[in-house]
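Since the structure comes first, as C-alpha cells, the remarks are kept for the end.
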Amino acid sequence: MKVLKGYRFRIYPDEEQIQYFVQAFGCVRFTYNHLLFARKQALQAGDYETRVSPASLKKDYPFLKKTDSLALANAQRNLERAFKNYFNKRASYPKLKTKKSYWQSYTTNNQRHTIYFVDDQLKLPKLKTLVKVNLHREVLGEIKSATISAQNNQLFFVSLLCLEEVNPLPKTGQTIGVAYCPEHLVQLTFKKRLPAFKPKKLRQQLDKANRRLKVRAKAAKRRAVLLEQAKNYQKQKSKVQKLYRAKNDQKRNYIDQLTYCLVRDYDYIYLEKQPKFSEDREFSEADWRLFLRKIQYKGRWYDKKLEFVDSVEKEGGKENFT
C-alpha cells in the first residue's frame with residue numbers, strides 16, 4: 001500500500017540561506033494577502049472568481065520573481081482551500097498573514113528531481129547551496145514536497161511529504177480497549193508494558209525556570225525597564241520556551257511510540273468515544289485528539305481495525321466494550 005508519509009527535521013542554514021528563507025516567507029505572505037484582498041473585492045462585487053494570480057502579481061511586483069514560483073502557487077492553493085473550508089462551514093473567514101506570527105513557512109514541490117539529499121544535506125529549489133540537515137532517520141520513498149518553517153526566524157525546520165510503500169503488519173488476533181487517562185494518556189483493558197514516559201525531571205526544570213522568569217520580571221519592573229528591553233528577562237524567557245518545546249517533543253514522541261505499539265500488537269482496537277477530560281493534568285484533550293489522529297492513520301496503513309465505543313471496561317475488570 002502506497003501512502004503519503006511526513007518527515008520533519010531540524011535544519012541549520014547559513015546566513016545567505018536564512019536571508020533567502022526570510023525573503024521567501026515575506027513573498028509568500030505578500031502573495032497570499034494580495035490574493036485574499038482581491039478575492040474579498042470579487043465577493044463584494046458578486047463574483048467568486050478573480051483574475052489576480054501569482055503570475056499577474058509578478059508583473060506588478062518584480063521582486064516576487066526572486067522567490068520559488070511553486071511557493072507562490074502553493075500560497076494560492078492554500079487560500080483556495082481556506083475559502084473552501086469557509087464556504088463548507090468548517091472554518092472561519094480567511095485572515096491576513098502577518099510577519100509578527102510566531103511561525104513562518106512556505107511549501108515547494110519536487111519537480112524533476114529539484115528536492116533531494118546529498119548525504120546529510122538537502123537541495124532545495126532556487127538555492128545554489130545545500131542546506132545542512134539533522135538527518136536522524138532515513139527518508140524512504142519519493143519526495144513530493146518540502147515545507148520550510150521557522151520559529152521567530154531563529155529555529156528552522158523542513159517537513160518532507162513522501163510517497164512510500166507501507167506493508168501491513170503481521171496479524172496477531174488480539175483485541176484491546178483504550179480509554180482516556182489524564183496521567184498516562186491511555187488506560188487499557190488489561191496490563192501491558194507501554195513505552196517509557198518520564199516527564200518529572202522536565203516538569204521540575206520548567207517549574208524552576210518559570211519561577212526564575214517571574215523574579216526577572218519583578219527585577220525589571222523595579223528598575224522601570226520594559227520587559228522587551230530587559231536582557232536578563234529575555235534570556236530567561238528563551239530558556240523557558242526551549243523547555244516548553246522539549247516538553248511538547250517528549251509528548252509527541254511518546255504518542256508516536258504508543259500508537260505504533262498498539263497497532264503492532266493488536267488487530268482490533270476499541271477506543272472510548274466521549275471521554276471526560278481533566279483540567280491541569282499531564283495529558284489534555286488536545287493530546288488525546290493527537291493520539292486518535294495518529295492511531296487512526298496507522299490503523300489504515302497497517303490494516304488494523306479500529307472502532308469507537310461508548311464505554312471501555314478499565315484495567316483490572318472484565319474485558320467489555322459497549
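Checking each residue in region 48-69 for being in contact with a Phe, Trp or Tyr (Cβ under 9 Å, 6 or more places away or on another chain), part of a helix (DSSP H, G or I) and either crowded, with 18+ Cβ neighbours inside 10 Å or not assigned by TED's automatic domain parsing to the domain that holds Ser105 (or both) picks out Leu57, Leu64. Within region 226-240, the presence of at least one residue that is among the polar types (S, T, N, Q) and touching a Leu at 6+ places or on another chain (Cβ under 8 Å) is confirmed. Exactly one residue among Arg211, Arg223, Arg252 is modelled with pLDDT under 95 and more than 30 Å from Phe291 (Cα to Cα), and that residue is Arg223. Take the conditions (1) in contact with a helix residue (DSSP H, G or I) (Cβ under 7 Å, 6 or more places away or on another chain); (2) surrounded by 11 or more Cβ atoms within 10 Å (Cβ to Cβ); Lys132 misses just one of them, which is (1). Number of residues in region 240-249 that are of a type in the set (Lys, Arg) and touching a residue at least 24 places away in the same chain (Cβ under 8 Å): the value is 1.
Restricting attention to region 274-293 and to residues that are of a type outside the set (A, V, I, L, M) and crowded, with 18+ Cβ neighbours inside 10 Å, the residue that is nearest to Val166 (Cα to Cα) turns out to be Phe291.
For Ala91, are the conditions met, namely being closer than 25 Å to Tyr7 by Cβ, modelled with pLDDT of 90 or more and assigned by TED's automatic domain parsing to the domain that holds Ser69? So Ala91 fails the test.
Screening Ala45 on (1) crowded, with 17+ Cβ neighbours inside 10 Å; (2) of a type in the set (A, V, I, L, M); (3) modelled with pLDDT under 95 shows it passes everything except condition (1).
Scanning region 140-152 for residues that are under 21 Å from Leu70 (Cα atoms) and either in contact with a Leu (Cβ under 7 Å, 6 or more places away or on another chain) or not aliphatic (A, V, I, L, M) (or both) yields Glu142, Ile143, Lys144, Ser145, Ala146, Thr147, Ser149. The selection criterion, being aliphatic (A, V, I, L, M) and touching a residue at least 40 places away in the same chain (Cβ under 8 Å), holds for Leu4. For beta carbons closer than 9 Å, sequence separation of 6+ or different chains, a first residue in region 212-239 that is under 22 Å from Leu155 (Cα atoms) and a second that is in a helix (DSSP H, G or I) and of a type in the set (Val, Ile, Thr), the qualifying pairs are Leu213/Val240; Gln236/Val215. When you scan region 100-108, do you find a residue that is outside any strand (DSSP E or B) and either without any contact (Cβ under 8 Å) to a residue 12 or more places away in the chain or touching a Phe, Trp or Tyr at 6+ places or on another chain (Cβ under 8 Å) (or both), even just one? The answer is yes; a qualifying residue exists. The residues of region 69-110 that are in contact with an Asp or Glu (Cβ under 8 Å, 6 or more places away or on another chain) and of a type in the set (Phe, Trp, Tyr) amount to a single one, Tyr106.
The values are calculated or read from the model by the stated rules, or taken from the named source; none is laboratory data. Here the structure is a predicted model, which is why all the values come from computation and not from measurement. Cβ atoms come from the backbone with ideal geometry, glycine included; neighbour counts cover every protein chain shown.
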